[in-house]
């Protein structure tokens, strides 16, 4: 019996890797994408185009502009002479934001009044707009604090000390690159499994497989093995690149990460095989794969926090295996959290794996067309 | 046009249509996919943190300490959780039950009254750097507001020297739906294009029907038009549904011209279909074509198009790579047409890039197919 499964596994690997093009398509893009996305996916603002419309002749505005010039977040692209220039500049996306300092700024400050400063931000991409606004706020808040201390001639009545745990410089790359491990592991595993049964159904060879003495669960093992090996293998490669190329600190232990990774890959294999055994053509399998991947990525919290979603969407995220593994991989990397923190992430993923794998096995025989 | 050309093209189109109708997954791609994706994206994605759970440790509830921590209860950004000790709060932070800690030590009030400038310690969980930075900003806001209020109570004047007034143009309430819906349209159209056509030529090769087609009098152009037109119509159908939803379900304003939107979308659809046909022509196997479509369409369109991640903030090399992604140009066009208007300075260069990509992809498909005819 063992050699039957082995033979099937070998056949599955041959089907996947015999063709050079398909070998390339499975192995190369994930690594390439990790390198590109690792640099591309960041929420740190860098060199955002900033234009200044300064009507104030005094020193205060110059000091404030200096703060913006010194920040890595912004790049000063020009000074405006009149407010009619603001509209076209922003419309054409030549500047992301314009800082408008009022004529009376220094004068107001001299008599103890506030100086109004207006910031106009291109809201076309509201995420970027909020990022930029946040940077502006933090620059102005630092400026205010120092100015207030200077003018009071004493320390402020209370100090605020903010520290960030786990990611002291708040680099969003530390957050996103471990997320890419979860993302690419899912894509690779799904690519290997979601097409495998559908391909045989379309070619007619699946019927032949069904009339062999192989049990459905033996077929399941044979079909799942390439997904497991390729998925875990590719994920390991990606973890290596994350640690040694991107230098993301791996505080936790691999002994925590790997059990979770294996359960995660198994749950994706389950989903992939379920899609595949439900489809009768490759076209349908491809559609099914996308119908799973896109919502799974969005609902996982990869790009935006789950906590910011509306309640009913948050409920949906519990069906998404990536949600759980994403939490685990990020926390193992940055916080060094051990397995004891993850029971509530591991068991739902296990249930998803068991349910989808069983469904796939059942569908092998029962989805006839 | 050669004689009988129209007849051959319509014949080809009819054949493709029959195939589409017999395997309704193409129709599902064109209509069900946009429906599902728009619903999920339209409601699901926002970077704007609200009700962040934060642990409040007030070791001795003196008047000043309470007045400071009161600010957190009034803020819409925080959901404060009172805790008795810093140890308890740190455990909660480690278990991800809270995203931050505000810690006022026992001698806060005494030091405050003695003008010793006591520290307020704030710890944020930096794992999600973006949310952490937002939280920092909100805490600073509460802190400065409190200082002003206390100064006023003491009869002194502490005004924040710079009063920031923010104007977010085009989307003043910062509804993320307004920018997501146009962005997700680009992702949807990329997927539709690739999904519809990635397999259609490979399928003919795989089943041997390509050779049957080659011995007919049909020319390459006629063959490609026959493959392109039905899926183009299907894709435009999906687009119309998406636009309808954007307008009537999500109430995204369309400030530019509708016809310009339709024209640029048709152009993008051509690029997307061209890309699908290109994959199909190159690999000649449905399985490999599906593999390539899976790994090469969604993620690049999602991450490199400027839809979620700002392109200007990427390293220069990566910015260069984004120019290879058609969705990048389309996202730019869509966000401008929906939220700003007909800004030719944005529309023209991006449309030109799309046109170039359409010509390149379809030209390559044409060349590759002709070679095999010889």
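Mind ranking B:176-189, A:110-123 by how tightly packed they are, going by the mean number of other C-beta atoms within 10 angstrom, highest first?
Packing proxy ranking, top to bottom: B:176-189, A:110-123.
Sort the following peptides by mean Cβ neighbour count (other Cβ atoms within 10 Å, averaged over residues), highest first: A:187-200, A:162-175.
Result, highest mean first: A:187-200, A:162-175.
Counting DSSP beta bridges in chain B, what percent are antiparallel, to the nearest 5?
Roughly 25 percent of the DSSP beta bridges within chain B come out antiparallel.
With chain A treated as a Gaussian network of Cα nodes joined by springs under 10 Å, which of A:53, A:206, A:278 yields the largest mean-square fluctuation?
Sorting by GNM fluctuation, first place goes to A:53.
Applying a 10 Å radius around every beta-carbon, put A:128-134, B:197-203 in order of their mean neighbour count, most first.
The peptides rank, most packed first, as B:197-203, A:128-134.
Could you check which residue among B:165, B:204, B:90 shows the biggest mean-square fluctuation in a GNM of chain B with a 10 Å Cα cutoff?
B:165
Take every DSSP beta bridge whose two residues both sit in chain A, then give the antiparallel share in percent to the nearest 5.
35
Where does each of B:239, B:191 land when they are ranked from fewest to most other beta-carbon atoms within 10 angstrom?
By the 10 Å Cβ count, ascending, the order reads B:239, B:191.
Taking a quarter of the surface of the Cα convex hull of the protein assembly as shown, what do you get in nm²?
34.5
Calculate how large, on average over all directions, the projected area of the Cα convex hull of chain A is; give the answer in nm² to one decimal.
Mean shadow area of the hull around the Cα atoms is 24.1 nm².
Can you tell me what share of the DSSP beta bridges in the range A:48-152 is antiparallel? A percent to the nearest 5 is fine.
Numbers: 5 of 15 bridges.
Antiparallel: roughly 35 percent of the beta bridges in the range A:48-152.
So what's the range A:137-243 giving for Rg/Rh, alpha carbon basis, Kirkwood Rh from the mean inverse pair distance?
1.45
For the range A:48-152, what relative contact order do you get, as a whole percent, if you take Cα pairs closer than 8 Å and at least 6 residues apart? Let's see the in-between values first.
On the way: 136 pairs, mean separation 31.5, N = 105.
After rounding, I find 30 percent.
Could you give me D for chain B, from Stokes-Einstein at 37 °C and 0.692 mPa s, where the hydrodynamic radius is the Kirkwood radius over C-alpha pairs? Units µm² s⁻¹, please.
The estimated diffusion coefficient comes to 133 µm²/s.
State the Cα centre-to-centre distance between the range A:96-119 and the range B:191-256 in whole Å.
55
Over what distance in Å are the Cα centres of the range A:279-324 and the range B:80-122 separated?
38
What percent do you get for the relative contact order of chain B when only Cα pairs under 8 Å and 6+ apart count?
That works out to 19 percent.
Where is the GNM fluctuation largest for chain A (alpha-carbon springs, 10 angstrom cutoff): A:326, A:250, A:80?
A:80
Normalising by the residue count of the range B:102-160, find the relative contact order in percent from Cα pairs under 8 Å and 6+ residues apart.
Contact order relative to length: 21 percent.
In deg cm²/dmol and to the nearest 500, what is the mean residue ellipticity at 222 nm of the protein assembly as shown if only DSSP H runs of at least 4 residues count, each as -39500 (n - 2.57), divided by the residue total?
-21500 deg cm²/dmol
Using the Kirkwood formula over every pair of different C-alpha atoms, what hydrodynamic radius in Å results for the range A:1-135?
When all Cα pairs of the range A:1-135 are included, the Kirkwood radius is 19.1 Å.
When Cβ neighbours within 10 Å are restricted to other protein chains, what is their mean count per residue of peptide A:303-313?
If you average over the peptide's residues, the count of other-chain Cβ atoms is 6.
Under the definition of partner shielding as Cβ atoms of other protein chains within 10 Å of a residue Cβ, what is the mean value for peptide A:27-37?
Taking all residues of A:27-37 together, the mean is 3.
Counting other beta carbons within 10 Å of each residue's own, what order do A:46, A:202 fall into, fewest first? List each step's numbers first, then the result.
Details: A:46 15, A:202 22.
Fewest-to-most ranking of A:46, A:202: A:46, A:202.
Using the count of nearby Cβ atoms within 10 Å as a rough guide to exposure, how do B:17, A:105 rank from fewest to most?
Least crowded to most crowded, the residues run B:17, A:105.
How well do other chains shield peptide B:343-350, expressed as the mean number of their Cβ atoms within 10 Å of each residue Cβ?
Mean partner-chain Cβ count within 10 Å for B:343-350: 2.
None of the figures in this text is laboratory data; all of them are computed from the coordinates on show. Since this is a predicted model, take the numbers as computed values, not measurements. Neighbour counts are summed over all protein chains in view; Cβ atoms, including those assigned to glycine, are modelled from backbone coordinates with ideal geometry.
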